Amino acid sequence: MVKQLNVQREPVKTSIQESETFLPRHIPEERYRMQSKPLGICLIIDCIGNDTEVLQDTFTSLGYDVQICLYPSMSHLIQILRQVAHKPQHQDYDSFVCVLVSRGGSQSMFGVDQTHSGFPLDQIRRMFMGDACPSLLGKPKLFFIQNYVVSDSLPEDSSILEVDGPAVNNVDSKARQPGPCTVHREADFFWSLCKADVSLLERPSSSPSLYLKCLSEILRKERRRPLLELHLELNDSVYDWNTRVSLKERYYVGLQHTLRKKLILSCK
């Protein structure tokens, strides 16, 4: 489902290799409509509690209706996601944002009542696909996930920074929604996943996520630039951090997207 884009750094030069099978050759100049007030719902589910205030301020300043769920159990977490996916307000809004902060496995997240396997992240994405959430079909759906991995292995040492390609082979493929609509059900997703070792939370003075801190700073400062460009800048910040710290303190960022247009998070 995912093909990796390896980001290899030398002191000055950066090399990024892309797979044509997964990445569109270019993002068209056409922009997503971002004019509704609010721009959409921003759902923040935080099972850790170190980042909520900054995230709330950031997405409120961008024009989102921020809704917060703190320290949910697994059943409550799933219930909230399902409720938000079926909110009728999406019909009137131009986008949707979800921020998840939790302990988890490599591809799952836990509530505060940590379960053995956790709730698969892929199931969360499916809740907001075009067939399950038609009011968001054709609209950008942005996910920013900080996952503190408990038991599953982190990415290998040789890759300080992971950047993944889109989540589906081609949004223009023949597998489309039936009827007159031609937008693929998996189109228009922006899925940014950051993994870090859970030991970062077990220290006497646990601090906010570096990934979410950098994300908030960049979104506040550079809101008129395309989101894909901002994510590259976020990668740079994470890479710089990773070069100065031990393996246990590193953050591993992966991006999957199926955006069909340029996305700028500004209603102005």
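Odds and ends about this structure:
- Taking the stretch 180-218 as the range and being surrounded by fewer than 15 Cβ atoms within 10 Å (Cβ to Cβ) and either part of a strand (DSSP E or B) or at pLDDT 95 or above (or both) as the test, no residue passes.
- Strands (runs of 3 or more DSSP E) completely within the stretch 1-61 that count 2 or more residues being at pLDDT 50 or above and either small (Gly, Ala, Ser) or open to solvent by less than 80 Å² (accessible area, probe 1.4 Å) (or both): 40-46
- Test result for Pro155, under 20 Å from Leu215 (Cβ atoms) and modelled with pLDDT under 95: yes
- Restricting attention to the stretch 63-78, the residues that are open to solvent by less than 50 Å² (accessible area, probe 1.4 Å) and in a loop (DSSP other than H, G, I, E, B) add up to 4.
- Filter result (open to solvent by less than 10 Å² (accessible area, probe 1.4 Å) and either out of contact with any Leu (no Cβ under 7 Å at 6 or more places or on another chain) or modelled with pLDDT under 95 (or both)) within the stretch 131-141: Cys133, Leu136, Lys141
- Pairs are defined by a Cβ separation below 7 Å, a sequence spacing of at least 6 or placement on different chains, a first member in the stretch 221-249 that is more than 14 Å from Ile264 (Cα to Cα) and touching a residue at least 12 places away in the same chain (Cβ under 8 Å), and a second member that is in a loop (DSSP other than H, G, I, E, B) and open to solvent by 60 Å² or more (accessible area, probe 1.4 Å); the pairs so defined are Leu247/Asp157.
Residues are listed down the side, and each one gets a yes or a no for (1) aromatic (Phe, Trp, Tyr); (2) farther than 13 Å from Leu43 by Cβ; (3) outside any helix (DSSP H, G or I); (4) out of contact with any His (no Cβ under 6 Å at 6 or more places or on another chain):
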| site | (1), (2), (3), (4) |
| --- | --- |
| Ile80 | no, no, no, yes |
| His90 | no, no, no, yes |
| Val101 | no, no, yes, yes |
| Gly111 | no, yes, yes, yes |
| Gln114 | no, yes, yes, yes |
| Ile124 | no, no, no, yes |
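- Count of the stretch 67-97 residues, restricted to those that are in contact with a Leu (Cβ under 6 Å, 6 or more places away or on another chain) and of a type in the set (Asp, Glu), is 1.
- Scope the stretch 247-263; condition modelled with pLDDT of 95 or more and not charged (D, E, K, R); matching residues: Tyr251, Tyr252, Val253, Gly254, Leu255, Gln256, His257, Thr258, Leu259, Leu263
- Scan the stretch 93-122 for residues that are open to solvent by 20 Å² or more (accessible area, probe 1.4 Å) and within 18 Å of Gln146 (Cβ to Cβ) and the total you get is 8.
- For the stretch 237-248, the set of residues classified as outside any loop (DSSP other than H, G, I, E, B) and either touching a Ser or Thr at 6+ places or on another chain (Cβ under 7 Å) or open to solvent by 50 Å² or more (accessible area, probe 1.4 Å) (or both) consists of Asp240, Trp241, Leu247, Lys248, listed by residue number.
- Residue match in the stretch 51-65 (condition: within 17 Å of Lys195 (Cα to Cα) and either in contact with a Lys or Arg (Cβ under 8 Å, 6 or more places away or on another chain) or in contact (Cβ under 8 Å) with a residue 60 or more places away in the chain (or both)): yes
The values are calculated or read from the model by the stated rules, or taken from the named source; none is laboratory data. Quantities reported herein were computed from a predicted structural model and do not represent experimental measurements. For neighbour counting, all protein chains shown are included, and Cβ atoms are generated from backbone atoms with ideal geometry for every residue, glycine included. Ligands, DNA and RNA are stripped out before the accessible areas are found, and what is left, the full protein with its side chains, is counted by its heavy atoms. Shrake-Rupley method; radii C 1.70, N 1.55, O 1.52, S 1.80 Å.
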